[in-house]
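The values are calculated or read from the model by the stated rules, or taken from the named source; none is laboratory data. Worth saying up front: this structure is predicted, and the values here are computed from it rather than measured. Glycine also receives a Cβ, built like all others from the backbone with ideal geometry; neighbour counts cover every protein chain displayed. Remember, those area values only see protein heavy atoms, side chains included, never the ligands or the DNA or RNA. Shrake-Rupley method; radii C 1.70, N 1.55, O 1.52, S 1.80 Å.
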Amino acid sequence: MNTFTLITALVTISALISYLNNRFIKLPGTIGVMVVAILLSVLISLTGKIFPDVFSFIKDVTHGIDFTGTLLDIMLGFLLFASALHFDFNKLKEQRYPVLVLSTIGVVGSTFIFGFLLYWATALMHIDIPLVYCLLFGALISPTDPVAVLSILKKSKVPASLETIIGGESLLNDGTGILLFVILKEVAGATDPHVTFGHAAAVFSQEVFGGVLLGVISAIVAYRTMKRVDDFQIIVMVSLSMVMVISVLGAMLHVSIPLAAVSAGLILGNTSLGTKQSEDIQRYFHNVWNLIDELLNTILFVMIGLQIVIMPFLQNYWFTGLVSAIFILMARAASIVGPSAIFKRTLKLNYKRITILVWAGLRGGISVALALSLPESPYKELILSASYFVVLFSIIVQGLTLKRVVDRMA
């Protein structure tokens with residue numbers, strides 16, 4: 001199947017699923033799309049022998065998509081830039097302390113708490129999985145997914161301050177998560193594991209500070225270009241080009257593409273394009289990126305739903321996946337309560353706000369993509385399956401009940 005046919009099939013399936021959800025099921029946008037995609041995948045899998053051509057076609061489409069590369073190297077930059085573009089930097093500045101604590105200490109704490117809980121549970125279930133792989137699983141599942149979080153927050157009535165904390169954390173915690181994932185993956189794959197503090201610091205500096213620097217420089221160049229013209233088409237093309245350049249250079253320089261895209265989005269989203277541009281042009285510019293965000297979100301959630309077709313081993317790990325979904329909630333709660341107790345005056349988080357923060361910590365496609373990027377090992381299938389269960393539980397169960405939790409706790 002050539003690239004154009006693959007894209008055509010994916011977009012057509014996404015359009016069909018969106019229509020079915022909007023017309024009949026009527027669940028909130030991204031959640032409904034994933035639910036319909038999952039139901040479609042299950043139906044196709046169950047009727048594979050009755051309709052072998054349909055099953056084979058969907059399987060070819062799903063197999064033809066490099067989920068990890070498509071999401072992390074292509075789609076993620078556009079999605080994060082679009083989300084950050086509409087984010088109020090002044091509100092983020094007001095909530096900078098809880099955002100920074102949750103996106104660093106919170107992610108590290110959640111990774112280790114989850115890892116040790118899973119290691120203890122798998123030992124009780126007589127499942128042989130080394131501690132380092134349990135921690136590796138914790139590293140890829142602990143960061144909240146900005147794509148999932150921000151798409152669902154748009155439809156919920158979360159208090160403004162909490163929405164800023166949740167959204168800001170999800171945008172910024174990828175640096176910490178990627179750092180832990182990279183280091184632990186090296187430890188897990190090394191014959192003689194030896195990762196020094198200096199090596200960890202170097203990886204952190206390169207990924208995080210390099211990513212932020214790339215985003216800032218790219219945004220400055222794009223801003224100076226866009227403010228000198230009053231042509232809407234040129235402005236949009238410059239912004240598209242900037243995000244693509246960030247993705248290409250980020251991969252070449254081994255810096256964090258997510259942080260670069262977020263940095264660029266925050267700068268351009270909170271800076272006037274200049275006196276030449278009318279308010280209408282700036283509004284259209286934001287509307288175009290909002291449309292790109294919605295379209296890519298829909299395609300991403302369809303891709304996640306269709307993964308069931310090529311994961312026949314999911315049924316072997318449903319119990320581990322369910323346990324993992326419970327443990328990640330426990331780990332997130334502990335990783336928020338701990339810093340809240342230590343930095344009580346700074347964070348100002350009571351139990352109601354903590355409950356909302358825990359339940360709004362959604363996982364999404366990034367976790368699945370990182371799990372798929374793991375090298376082949378006896379433990380990859382378990383981690384991938386459990387990651388998928390956690391993502392499904394997070395988006396469907398937590399996403400659908402988030403409004404009720406907010407209404408009860410707000």
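Is it true that some residue in segment 80-88 is open to solvent by 60 Å² or more (accessible area, probe 1.4 Å) and under 29 Å from Ser218 (Cβ atoms)? Walk me through it before giving the result.
Quick first cut of segment 80-88, residues open to solvent by 60 Å² or more (accessible area, probe 1.4 Å) only: 86, 88.
In the following step, the residues that additionally are under 29 Å from Ser218 (Cβ atoms) were identified as 86, 88.
Yes, that holds for at least one residue.
Could you please let me know if Glu169 is in contact (Cβ under 8 Å) with a residue 40 or more places away in the chain and out of contact with any Asp or Glu (no Cβ under 8 Å at 6 or more places or on another chain)? Full working, then the answer.
Working: in contact (Cβ under 8 Å) with a residue 40 or more places away in the chain: yes; out of contact with any Asp or Glu (no Cβ under 8 Å at 6 or more places or on another chain): yes.
It is true that Glu169 is in contact (Cβ under 8 Å) with a residue 40 or more places away in the chain and out of contact with any Asp or Glu (no Cβ under 8 Å at 6 or more places or on another chain).
Please state which of the following conditions Ala9 fails to meet, knowing it meets all the rest: (1) open to solvent by 50 Å² or more (accessible area, probe 1.4 Å); (2) part of a helix (DSSP H, G or I).
It is condition (1) that Ala9 fails.
List every residue pair whose Cβ atoms sit under 7 Å apart, with the two residues 6 or more apart in sequence or on different chains, where the first one lies in segment 87-99 and is closer than 15 Å to Arg353 by Cβ and the second, anywhere, is of a type in the set (Val, Ile, Thr) and open to solvent by less than 40 Å² (accessible area, probe 1.4 Å).
Partner pairs satisfying both residue conditions: Gln95/Thr164; Gln95/Ile165; Pro98/Ile165; Val99/Ile165.
In the list Lys344, Lys380, which residue meets the criterion of being of a type in the set (D, E, K, R) and more than 22 Å from the chain's Cα centre (by Cα)? So that I can check it myself, show each step before the final result.
Numbers: Lys380 fails: more than 22 Å from the chain's Cα centre (by Cα).
Going through Lys344, Lys380 in turn, the sole match is Lys344.
Can you work out which of the residues in segment 354-394 that are assigned to a helix (DSSP H, G or I) and among the aromatic types (Phe, Trp, Tyr) is least open to solvent (accessible area, probe 1.4 Å)? Before you say what the answer is, go through the steps one by one.
Going residue by residue through segment 354-394, those that are assigned to a helix (DSSP H, G or I) are 354-359, 365-372, 380-394.
Checking the rest, the ones that are also among the aromatic types (Phe, Trp, Tyr) come to 359, 388-389, 393.
On the way: Trp359: 57, Tyr388: 2, Phe389: 62, Phe393: 58 Å².
Top of the filtered list is Tyr388.
Results for (1) in contact with a Lys or Arg (Cβ under 8 Å, 6 or more places away or on another chain); (2) closer than 30 Å to Val236 by Cα; (3) in a helix (DSSP H, G or I); (4) open to solvent by less than 10 Å² (accessible area, probe 1.4 Å), shown as yes or no for each residue.
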| position | (1), (2), (3), (4) |
| --- | --- |
| Tyr284 | no, yes, yes, no |
| Val302 | no, yes, yes, yes |
| Ala325 | no, no, yes, yes |
| Ile328 | yes, no, yes, yes |
| Ala331 | no, no, yes, yes |
| Val337 | no, no, yes, no |
| Lys352 | no, no, yes, no |
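What pairs can you find where one residue is in segment 138-164 and basic (Lys, Arg), the other is in a loop (DSSP other than H, G, I, E, B), and their Cβ atoms are less than 8 Å apart, with a gap of 6+ or different chains?
Lys155/Pro28; Lys157/Ala410
From the set of residues in segment 100-136 that are within 12 Å of Ile383 (Cβ to Cβ) and part of a loop (DSSP other than H, G, I, E, B), which is least open to solvent (accessible area, probe 1.4 Å)?
It comes out as Ile129.
So, in segment 46-62, of the ones that are part of a helix (DSSP H, G or I) and surrounded by fewer than 13 Cβ atoms within 10 Å (Cβ to Cβ), which residue ends up modelled with the lowest pLDDT?
First, the residues of segment 46-62 that are part of a helix (DSSP H, G or I): 46, 52-62.
After this cut, where a residue has to be surrounded by fewer than 13 Cβ atoms within 10 Å (Cβ to Cβ) as well, the list is 46, 52-53, 56.
Values: Leu46: 78, Pro52: 83, Asp53: 83, Ser56: 85.
Among those residues, the one meeting the criterion is Leu46.
Looking at (1) in contact (Cβ under 8 Å) with a residue 40 or more places away in the chain; (2) open to solvent by 10 Å² or more (accessible area, probe 1.4 Å); (3) assigned to a helix (DSSP H, G or I), which is the only condition Ser239 fails?
Of the numbered conditions (1) in contact (Cβ under 8 Å) with a residue 40 or more places away in the chain; (2) open to solvent by 10 Å² or more (accessible area, probe 1.4 Å); (3) assigned to a helix (DSSP H, G or I), the odd one out for Ser239 is (2).
Go over the candidates Ser151, Ser156 one by one and state the one that is of a type outside the set (A, V, I, L, M, F, W, C) and touching a Leu at 6+ places or on another chain (Cβ under 7 Å).
Details: Ser151 fails: touching a Leu at 6+ places or on another chain (Cβ under 7 Å).
Of Ser151, Ser156, the one residue that is of a type outside the set (A, V, I, L, M, F, W, C) and touching a Leu at 6+ places or on another chain (Cβ under 7 Å) is Ser156.
Could you tell me which of the residues Ile165, Ile152, Ile178 is in contact with a Lys or Arg (Cβ under 9 Å, 6 or more places away or on another chain), part of a helix (DSSP H, G or I) and hydrophobic (A, V, I, L, M, F, W, C)?
Values: Ile152 fails: in contact with a Lys or Arg (Cβ under 9 Å, 6 or more places away or on another chain); Ile178 fails: in contact with a Lys or Arg (Cβ under 9 Å, 6 or more places away or on another chain).
Unique residue meeting the criteria: Ile165.
How many residues are assigned to a helix (DSSP H, G or I), in contact (Cβ under 8 Å) with a residue 60 or more places away in the chain and open to solvent by 30 Å² or more (accessible area, probe 1.4 Å) when one looks only at segment 339-350?
The number of residues fulfilling the criteria is 1.
Kindly indicate whether Leu213 is modelled with pLDDT of 95 or more, at negative phi, open to solvent by less than 70 Å² (accessible area, probe 1.4 Å) and not aromatic (Phe, Trp, Tyr). Working first, answer last.
Values: modelled with pLDDT of 95 or more: yes; at negative phi: yes; open to solvent by less than 70 Å² (accessible area, probe 1.4 Å): no; not aromatic (Phe, Trp, Tyr): yes.
When the stated conditions are applied, Leu213 does not pass them.
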